[in-house]
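**Student:** Submitted below is the structure of interest, expressed as structure tokens.
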Amino acid sequence: MFSIDAVNDPERRDVVHARLRAANDARSPVLRALRESTQLNSEPLEVYASGPDGALAGGLVGHTQFGWLHIDLLWVDEPYRGAGLGSRLVVRAEEIARNERDCPRARVESWDFQAPGFYRRLGYRVAATVPDHPPGITDYLLVKEL
């Protein structure tokens, strides 16, 4: 008979993580090789823009991992929207990922009310959509060859 516990337990979480990692490594030589390379390591990548007054005007927060640029957050202050600042931030992050971190691809998630059209204009293509995630909103996964 099993006992099922719904609790937050860092110790058991670490055991599950380690055992899953070992099982995955045993089943995937590709993943095992990635773990032995630097591509598995996640490295932060952040690009910021300051306005004429020196205040933060926009920023991109992401990371590189598995040979991919992952764009996690992109924000541009309202007065600067539509002036190309967001595009400049993304392009700069892509340059760093491609030229300094050897990442040939990029990915980003965006809700339907945010910026899927913006990313499409920058050459990203929709790889997947998840309707009702969260309810009433469509979640887009967009990818790009750098």
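Read-outs: derived from the displayed coordinates by stated rules, not from any lab. The model shown is predicted, which means the values in this text are computed figures rather than measured ones. Cβ coordinates were reconstructed from backbone atoms using ideal geometry, including for glycine residues, and neighbour counts include every protein chain displayed.
**Student:** Check residue 137: other-chain or 5+ apart residues with amide H under 5 Å from its amide H, H built from backbone geometry?
**Tutor:** Sorted by chain and number, the residues that satisfy this are 132.
**Student:** Can I ask one more? Give me the extension gain from residue 126 to residue 61: residue separation times 0.36 nm, minus the current Cα-Cα distance, reported in nm with one decimal. Write down the numbers at each step before the final one.
**Tutor:** Working: separation 65, 0.36 × 65 = 23.40 nm, distance 2.06 nm.
The residue 126-residue 61 span can extend by a further 21.3 nm.
**Student:** Between residue 25 and residue 50, what's the calculated FRET efficiency when r is the beta-carbon distance and R0 is 30 Å? Round to 0.05. Write down the numbers at each step before the final one.
**Tutor:** Numbers: r = 44 Å, r/R0 = 1.47.
Taking R0 as 30 Å, the efficiency between residue 25 and residue 50 is 0.10.
**Student:** Nearest 10 degrees is fine. How inclined is helix 10-27 to the longest principal axis of the chain, computing both from alpha carbons?
**Tutor:** Orientation of helix 10-27: about 90 degrees from the principal axis.
**Student:** Could you calculate the FRET efficiency of residue 111 with residue 80 from 1/(1 + (r/R0)^6), where r is the beta carbon distance between them and R0 is 30 Å, rounded to 0.05? Please report the intermediate quantities before stating the final value.
**Tutor:** Values: r = 21 Å, r/R0 = 0.70.
That gives a FRET efficiency of 0.90.
**Student:** Which order do 45, 146 fall in if you start with the one that has the fewest other Cβ atoms within 10 Å?
**Tutor:** Numbers: 45 23, 146 15.
Lowest count first: 146, 45.
**Student:** Suppose every K and R has +1 on its Cβ and every D and E has -1 on its Cβ; what is the size of the dipole of the chain about the Cα centre, in Debye to the nearest 20? Show your work: numbers first, answer last.
**Tutor:** Details: 18 positive and 21 negative charges, 121 e Å.
For this selection, approximately 580 debye.
**Student:** Now, a different point. Is segment 41-145 rounded, prolate or oblate when judged by the Cα gyration tensor, a ≥ b ≥ c being the square roots of its eigenvalues, rounded requiring a/c under 1.5 and prolate requiring a/b larger than b/c?
**Tutor:** Details: a/c = 1.87, a/b = 1.10, b/c = 1.70.
Oblate, because a/c is 1.5 or more while a/b does not exceed b/c.
**Student:** How tilted is helix 85-95 with respect to the longest principal axis of the chain? Cα atoms for both, answer in degrees (0 to 90, nearest 10).
**Tutor:** 50
**Student:** How much net charge surrounds residue 144 when only other residues with a Cβ under 11 Å from its Cβ are counted (Lys, Arg +1; Asp, Glu -1)? Please report the intermediate quantities before stating the final value.
**Tutor:** On the way: positive: 98, 105, 107, 120, 125; negative: 94, 145.
Result for the local shell: +3.
**Student:** OK, next. Among 18, 115, 97, whose mean-square fluctuation peaks in a Gaussian network model of the chain (Cα, cutoff 10 Å)?
**Tutor:** 18
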